1. For the stretch 25-44, name all the residues that are under 29 Å from the mean Cα position of the chain (by Cα) and open to solvent by less than 20 Å² (accessible area, probe 1.4 Å).
2. List every residue pair whose Cβ atoms sit under 8 Å apart, with the two residues 6 or more apart in sequence or on different chains, where the first one lies in the stretch 537-551 and is under 9 Å from residue 194 (Cα atoms) and the second, anywhere, is of a type in the set (Asp, Glu).
3. Of all residues in the stretch 13-24, which are open to solvent by 60 Å² or more (accessible area, probe 1.4 Å) and closer than 13 Å to residue 221 by Cβ?
4. Starting from residues that are closer than 19 Å to residue 202 by Cβ and of a type in the set (A, V, I, L, M, F, W, C), keep the ones in the stretch 105-141 and report whichever is nearest to the chain's Cα centre (by Cα).
5. Would you check which residues across the stretch 470-500 are assigned to a strand (DSSP E or B) and touching a His at 6+ places or on another chain (Cβ under 7 Å) and list them?
6. Among the numbered conditions (1) of a type in the set (Asp, Glu); (2) crowded, with 19+ Cβ neighbours inside 10 Å; (3) farther than 20 Å from residue 448 by Cα, tell me where residue 298 comes up short.
7. In the stretch 378-416, what residues are open to solvent by 40 Å² or more (accessible area, probe 1.4 Å), in contact (Cβ under 8 Å) with a residue 60 or more places away in the chain and assigned to a loop (DSSP other than H, G, I, E, B)?
8. Looking only at residues in the stretch 348-377 that are within 29 Å of residue 147 (Cβ to Cβ) and of a type in the set (Lys, Arg), which one is least open to solvent (accessible area, probe 1.4 Å)?
Amino acid sequence: MAKDKQYRSEIRDGMRIEWDVPIEMDDGNVLRADVFRPKGKGRYPVIMSHGPYAKGLSFQEGYETAWNIMIDNFPEVAEGTTNKYANWEVVDPEKWVPDGYVVIRVDSRGSGRSPGVVDVRSPRETQDFYNCIEWAGVQPWSTGKVGLNGISYYAINQWHVARLQPPHLAAMCVWEGAGDYYRDSNYHGGILSTFVTNWYDKQVESVQHGLGKNGPRSVVHGDLVCGPPTYTRAQLKKNREDLPKELRTRTLDDDWYRGRSADWSKVDVPFLSAGNWGGQGLHPRGNIDGFVNAATQDKWLEMHGREHWTEFYTDYGLDLQKRFFGHFLKGENTGWTKQPKVQLNIRHPGEVFVPRAEKEWPLKRTKWTKAYLEPATGALAAKVPAKKQKSTYAGLGDGVTFLMPASETAMEVTGPLAAKLFVSSATKDADLFLVVRLFAPDLKEVTFRGALDPHTPIAQGWLRASHRKLDAKKSRRHKPHHTHDEEQPLKPGQVYELDVEVWPTSIVVPPGYRLGLTVRGTDYVYPGGSGGKLSNMKNEFTGVGPFIHDGRNARVYGGNVTIHCGPKHPSHLLLPVIPAR
C-alpha cells in the first residue's frame, strides 16, 4: 500500500485518516475509500457508505442550498464538529469516530476516485458493495461488525446489498430509501417521471471518475475529487450507462428493474427504516414496504417530516442512529430494547410533529373510511350518491376537486390511502394524478414542507389507465399493487374500474378544516407561487419538487376524462382514520 501513489495516511482533528484506500473487486477493478478511525490501537465496529456522489466533494460545495437551509434552521448540526468532513447524505466522521467507530466512505465504480463504468444501482454495483463490506469486516482495526448508514442513494443500496447477505453485515440504518426501482421513483403508476434526467447529470455525471482537472478539488486536502486522469467527453460517455435512455425505453416492469430493486424475502439483517411523510415521489413507500415485508424480525420503522436531509443530521436523528448501532454493533445498553417497533411523528398544520409509539403498520385500530365522490355538489360524502352522476375534465388539465365537510372535531388520518374510480376516456388512455389536500376554514389550501419542495400537499397517487391490471396476491384494499407488465388500452367512452395507490401520509385535520381530493391530468401545482430551487436540481419547485411527469402525447392522454359516480359506480377515496385513544 505504501507504493500506491494515491493512498496516504495522516492524523488530523483527532482521527487517523487514510485517504484513497484501495479495495480490489472480484473482477480486478479497484475502488477507493476514505477511512476515518480512532487514533488509538484496537478493534472497532464500522459505519460504511458506498455510492456515486464523490467522497471528496464537501456538502457545502456540492449542495450549498441544502446545507444553508439546514444550518440556518438547525444550527445544532454544525456544533461539535469542524464540518470539514461533512458530505452529502452520509455521516460526519467527527461525530462518530470519537464514540469508537470506524467511518468508511467508498466511491462506487466509475464515480469520484474509483475507476470503471458507472452503472447506478446495478447488480455489478451491488456486488461491489458486498465486496467492500467483506473487506472492512476482516481489517485489523475492525471488530468484524459492519453497519451501513446513509440517506437516499446510500439507503437504497443497503436494501440491495442486504439481499446478498454479506457475512460481516451486522445492521443497517436505511434513512429515506426507496425499494422498488420501477414504482417508487421512475414510473409512478406507470407514468414516467423525469426525475432521473434531472438527477443523473446534476449529481452523478458531475462527479464521474475521469473528470480530473475539469472537476472540483477537495477543500480538505486539495486532491482532484474525480480522480487523477482527465478524460475526453467521448471517454466519459463511454464509461457510463445511458440511464435516461434505459428508463425511456423500458416502459414496463421487468427483470432489469427487479435486479435494481429490493428483495424483501432475503433481507435478514437488523435494520432501522426511517421515512419522510413529505417524500412523495421517491422514498417513503420503500421505507414502509421494507418494514412490512422484510424477512427479519429485528426491524423498526420511524416516520418524520421536514427536509429530506435534515433529521438525519439533527440531534433527534443522531440519537436514534447511535442508540440503534450502539445496541447492534457494540452490544451496549442504549435503551434500544425499549424502542417501539413503530415511531411516528404525527403531522399537524404549521410543521408541528408529535411523536407517538406504535406497534405495527398499518395501525390495527385504523377505521378504514370511504369518502364517496359526488359531482353534483363537489363533495366527498359519507354515502354513495343515490343517482348516477359524472364529472368531466380535460385529460391534461387541472381536473376536479371534491371536498369533505368541515371537521367538527380533530380527525387524524395516518397510513396508506387508496382510491377506486370508475373512469372513461375520449381516447385510448388516460393519466390520473390524485392529490389529497387540506383546506383551512376560509378554503385556502394548507401545504407542508416536503422532503424537497417547500409547498407540498398531504398525499399523492398516480395511475396510467392502461396499467390498471392488478396483482391479486399482492394487492390489499388499502394498497393496490399493479403488475405493470402489459398495456391494456381503453376503448373510448367505455367505463373502467381503476384502483389507485395513494402513498402513505399523516395529518391531523383541525376542527373547521376540510380534506379534499383533486383528480387531475397533470402534476399538482401549488397555487401560491414558486418554491425556489436547490443548487443540485435543475427545475424550479412548483409543488412536486423534481418529480415531474411531462412530455406526454396529447393525442393519447389529452382527451376528456369522465369520472362516473353513483350506485353502480361507487367512486371513492379510502382514508385511514385513526380513532383517538
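The values are calculated or read from the model by the stated rules, or taken from the named source; none is laboratory data. Just so it is clear, the model here is predicted, and its values are computed rather than measured. Note that each Cβ is placed from the backbone with ideal geometry, even for glycine, and that neighbours are counted across all protein chains shown. Calculation scope for accessible area: heavy atoms of the full protein, side chains included, ligands and nucleic acids excluded. Shrake-Rupley method; radii C 1.70, N 1.55, O 1.52, S 1.80 Å.
1. 25, 31, 33, 34, 35, 36
2. Close Cβ pairs satisfying both conditions: 547/523; 548/523; 549/431; 549/523; 550/523.
3. 13
4. 120
5. Listed by number, the residues that qualify are 470, 482.
6. Among (1) of a type in the set (Asp, Glu); (2) crowded, with 19+ Cβ neighbours inside 10 Å; (3) farther than 20 Å from residue 448 by Cα, the lone unmet condition for residue 298 is (2).
7. 384, 386, 387, 388, 394, 396, 398, 405, 406, 408, 409, 410, listed by residue number.
8. Result: 356.
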